[in-house]
Structure formats: C-alpha cells, structure tokens
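Structure record follows, encoded as structure tokens.
The values are calculated or read from the model by the stated rules, or taken from the named source; none is laboratory data. Everything numeric here is computed off the predicted structure, so don't read it as measured data. Cβ placement follows ideal geometry from the backbone for every residue including glycine, while neighbour counts extend to all protein chains displayed.
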Amino acid sequence: MNALAARASSKAHARTVVAGAAAVFALGGAAMLRVVDPNAGGLWPCAFHVVTGLHCPGCGLTRMLHALVHGDVARAWTMNPLAVVALPLLASMLLQWWLARPLLPGWLDRRVHDGRVWIAALVVFGVLRNLPFAPFAWMAPG
C-alpha cells in the first residue's frame, strides 16, 4: 500500500470513528431523554438565564430535544425553533463529511458551512427571542 492510499484509509477510519462517537453520544442522549423529563425540574438551570434573566440561543434546547425524542415536533418548536431547523442541517453536515460526498444542494451547502451564517443566526435569534412583544415573544422557550 502506498503512502497516499494509507493516508486516505486513515482519514476514512478517523471519519468513521468520529461519526460513530457522535451516533453513540446522540443515542445515549436520546435514551436519557426518554426517561428524564427536563420539564419536571431537577436538571441544572441555564446559567445565562439565571444571571441575566434573558434567554440565550440555547435556552430550551434540552426540553426541545425531549419533545423530539417523544415525537412532539410542535412542542419542540415552541422550545427552540432555531434548533429544530439547525438539527437536521447539522446532521446532514456530519453525514456528508462522513461519506466524503455532498448531500445538500450547492447553494445550501455553501451557507451551512459558512460559520458567519451560524454566528449571525445565533445572535439575531438570541436578540429577537428576548423581545417581549409580537411578533417575537413566541420565540422564548415555553
């Protein structure tokens, strides 16, 4: 086996290990959320919310994942709409990296791989979800 083939094989193996670890982590989290209800309390509170009284872009994420694990997409949407949209995009990014081939249309692929788009979405969502009036108040978790 030449050096180029060995390096390609090593990269494929590393991608498989990372994708496998992500799958184990996701399945473990889903199993935990099948039995633990974050809506009942007992889990740690959001430190940002405790200190500032504001909702960060991640507030409601655990409750959103709990709702998704239980098949309640509407409830998940009320907890964190940005994450409901971002989760399939992030999963497709991981899958296309693992397969080493594009899965998304070119225009979407360019945007989801641009960190500036993610940062802008997080900042805008974080600001809008804290506005206490219509049409933005629905973005607060709950």
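When Trp107, Trp98 are checked against the criterion of being surrounded by 13 or more Cβ atoms within 10 Å (Cβ to Cβ) and over 17 Å from the mean Cα position of the chain (by Cα), Trp98 stands alone in meeting it.
Considering region 12-29, the residues that are at pLDDT 80 or above and surrounded by 12 or more Cβ atoms within 10 Å (Cβ to Cβ) include one that is nearest to Ala100 (Cα to Cα), namely Val18.
Screening Trp97 on (1) at pLDDT 95 or above; (2) within 26 Å of Val17 (Cα to Cα) shows it passes everything except condition (1).
The residues in region 64-81 that are more than 21 Å from Ala121 (Cβ to Cβ), in a loop (DSSP other than H, G, I, E, B) and touching a residue at least 24 places away in the same chain (Cβ under 8 Å) can be counted, and the count is 1. Is it the case, given these coordinates, that Gly60 is touching a residue at least 40 places away in the same chain (Cβ under 8 Å) and surrounded by 11 or more Cβ atoms within 10 Å (Cβ to Cβ)? So Gly60 passes the test.
Residues are listed down the side, and each one gets a yes or a no for (1) farther than 15 Å from Pro57 by Cα; (2) of a type outside the set (A, V, I, L, M); (3) modelled with pLDDT under 90:
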position: Asp109; (1), (2), (3): yes, yes, yes
position: His113; (1), (2), (3): yes, yes, yes
position: Arg116; (1), (2), (3): yes, yes, no
position: Ile119; (1), (2), (3): no, no, no
position: Val123; (1), (2), (3): no, no, no
position: Gly126; (1), (2), (3): no, yes, no
position: Arg129; (1), (2), (3): no, yes, no
position: Gly142; (1), (2), (3): no, yes, yes
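Within the set Val24, Val84, Val17, the sole residue that is part of a helix (DSSP H, G or I) and under 16 Å from Pro141 (Cα atoms) turns out to be Val84.
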